[in-house]
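Here's the structure we're looking at; comments come further down.
The values are calculated or read from the model by the stated rules, or taken from the named source; none is laboratory data. Please read these numbers as outputs of a predicted model, since none were measured by experiment. Note: ideal-geometry Cβ built from the backbone for every residue, glycine included; neighbour counts use all protein chains shown. Note: areas computed on protein heavy atoms with side chains; ligands, DNA, RNA excluded. Shrake-Rupley method; radii C 1.70, N 1.55, O 1.52, S 1.80 Å.
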Amino acid sequence: MADDLTQNDASTLESAAATVEALARALELHDYRRGRFGETSTHTARVTQLALRLAEEIAPELALDPQLAYGFRLHDIGMIGVSNATLLKSGTLTPAELDEIREHPWLGERIVAPVPALGGLTRQVIACHHERWDGSGYPRGLRGIEIPLAARIFAVVDVFDAMTNDQPYRDALSIDEARHEIAAKAGLEFDPDVVAVFLALEQIPPAADS
């Protein structure tokens, strides 16, 4: 019986990993169709690595759960449901276009909802990584510890990575500039305890082009 349970657990993990890989490839194909092949995969690789490092410092038990890495990897899966017209727009987004972008955590949660192995931490990261400590985030306007810890950890890393890599609307900041910005947003956008641990990390990886 114990061997059967072990085999079933291994099969479940393999199935979950295969599902994550399929969804990640679908998102990469979405990039390809928008003429931006590889951007999502490289961003995802960076943030997953750094977010797992941060999680190991803050909550080692979470870092041991494969669902945490799944959530980090699939955090933007909901972007598949956002129109190319909005994603590729070079100018200022209209309020309606901003609303469309802000739906992607909810859309992502719906995409993974039918997969039992992608519940828990995976869905928490996908659904809540744009919530803010002060309650001004989206899609639900959660505040403080209402936001799952996994999402609070990821939010800091996700914004740091965006700051330290070129974006359509601005050039990359230096690591020191980005660290200063993150520190300034502690207690507003980010959990201040998470920020303190993040800023204490040694050898934060440089931006992709550094």
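The table that follows gives values for the structure above.
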read-out: Pairs where the first residue, in region 172-195, is at positive phi and the second is open to solvent by 50 Å² or more (accessible area, probe 1.4 Å) and hydrophobic (A, V, I, L, M, F, W, C), C-beta under 8 Å, 6+ apart; value: 187/133
read-out: Members of region 117-152 found to be of a type in the set (Ser, Thr, Tyr) and open to solvent by less than 10 Å² (accessible area, probe 1.4 Å), listed by number; value: 122
read-out: Matching entry among 196, 183, 155 (being buried (at least 20 other Cβ atoms within 10 Å of the Cβ) and either modelled with pLDDT of 95 or more or not in a loop (DSSP other than H, G, I, E, B) (or both)); value: 155
read-out: Residue pairs meeting the criteria (Cβ under 7 Å; at least 6 apart or on separate chains; first small (Gly, Ala, Ser), in region 104-118; second assigned to a helix (DSSP H, G or I) and surrounded by fewer than 16 Cβ atoms within 10 Å (Cβ to Cβ)); value: 117/12; 117/15
read-out: In region 158-180, residue surrounded by the most Cβ atoms within 10 Å (Cβ to Cβ) [restricted to those that are part of a loop (DSSP other than H, G, I, E, B) and not charged (D, E, K, R)]; value: 164
read-out: Residue 54 being under 28 Å from residue 142 (Cα atoms) and not hydroxyl-bearing (Ser, Thr, Tyr); value: yes
read-out: Failed item in (1) closer than 30 Å to residue 201 by Cα; (2) modelled with pLDDT under 85; (3) outside any helix (DSSP H, G or I), with residue 35 passing the rest; value: (1)
